[in-house]
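Colleague: Structure below; questions to follow.
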Amino acid sequence: MVDQPTNLDTHRGMAAQKATDLRRLRSEVEADQAALHARQVELEDLLAAAPATDWPEAVEKARYLLGLLAQNLDAADLRRRRLIDRVLADFDHLLDTPSHD
């Protein structure tokens, strides 16, 4: 009886090894995508669960939605991308400015 398992990959041709590696990698990517989707659903459920209690919380919700919009923008749509960047910069500026109540 052999104590060490036999590595079958060394006995196959390069094409078969490459095909196996590609299948394994695709499987890992699909699992990662499924986990990411589940986390995204969880986040969206949390964001939608209740109204924002303050401006920073509302800004975080808006940042998330603008990020989704930016991901789906056509590469040639620079005008909307600049608008999203400007709104995000406005959020940073307004949240950093102390309020004068």
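Colleague: Compute the FRET efficiency between A52 and L78 as 1/(1 + (r/R0)^6), taking r as their Cβ-Cβ distance and R0 = 30 Å, and round to the nearest 0.05.
Modeller: The value I calculate is 0.50.
Colleague: Then there's this: Which whole-number value in Å² is the accessible area per residue of the chain, probe 1.4 Å?
Modeller: Details: 8850 Å² over 101 residues.
Value returned for the chain: 88 Å² of accessible area per residue.
Colleague: Quick one: pull the percent of accessible area on the chain belonging to carbon and sulfur, 1.4 Å probe, ligands and nucleic acids left out. Mind showing how you got there, number by number?
Modeller: Values: 5200 of 8850 Å².
Answer for the chain: carbon and sulfur cover 59 percent of the accessible area.
Colleague: For R79, what charge total do you get from the other residues with a beta carbon under 14 Å from its beta carbon, if Lys and Arg give +1 and Asp and Glu give -1?
Modeller: +1
Colleague: While we're looking at this one, here's another question. Using the Cα centre as the reference, give the magnitude of the dipole from point charges on the C-beta atoms of the chain (Lys, Arg: +1; Asp, Glu: -1; all else neutral), rounded to the nearest 20 debye.
Modeller: Working: 13 positive and 19 negative charges, 143 e Å.
In debye, rounded to 20, the chain gives about 680.
Colleague: Another one. Given P51, T97, G13, which one lies farthest toward the positive end of the charge dipole of the chain, if we put +1 on the Cβ of every Lys and Arg and -1 on the Cβ of every Asp and Glu?
Modeller: It is G13.
Colleague: Now for a separate question. According to a simple spin-label model (label point 7 Å from Cα along Cα-to-Cβ), what is the distance in nm between L66 and D32?
Modeller: Once both label points are built, they end up 2.8 nm from each other.
Colleague: Would you mind checking the tilt of helix 78-96 against the longest principal axis of the Cα atoms of the chain, expressed as 0 to 90 degrees and rounded to 10?
Modeller: 60 degrees
Colleague: Which three numbers, in whole Å and largest first, are the semi-axes of the equivalent ellipsoid of the chain derived from its Cα gyration tensor as √(5λ)? Kindly include the intermediate steps, with their values, before the conclusion.
Modeller: Working: eigenvalues 462, 75, 30 Å².
That gives 48, 19, 12 Å for the three semi-axes.
Colleague: Stretch D21-N7 to full length: gain in nm at 0.36 nm per residue minus the Cα-Cα span?
Modeller: 3.6 nm
The values are calculated or read from the model by the stated rules, or taken from the named source; none is laboratory data. Bear in mind the structure is a predicted one, so any value in this text is a computation, not a measurement. All Cβ positions, glycine included, derive from the backbone under ideal geometry; neighbour counts span all protein chains shown. Note: areas computed on protein heavy atoms with side chains; ligands, DNA, RNA excluded. Shrake-Rupley method; radii C 1.70, N 1.55, O 1.52, S 1.80 Å.
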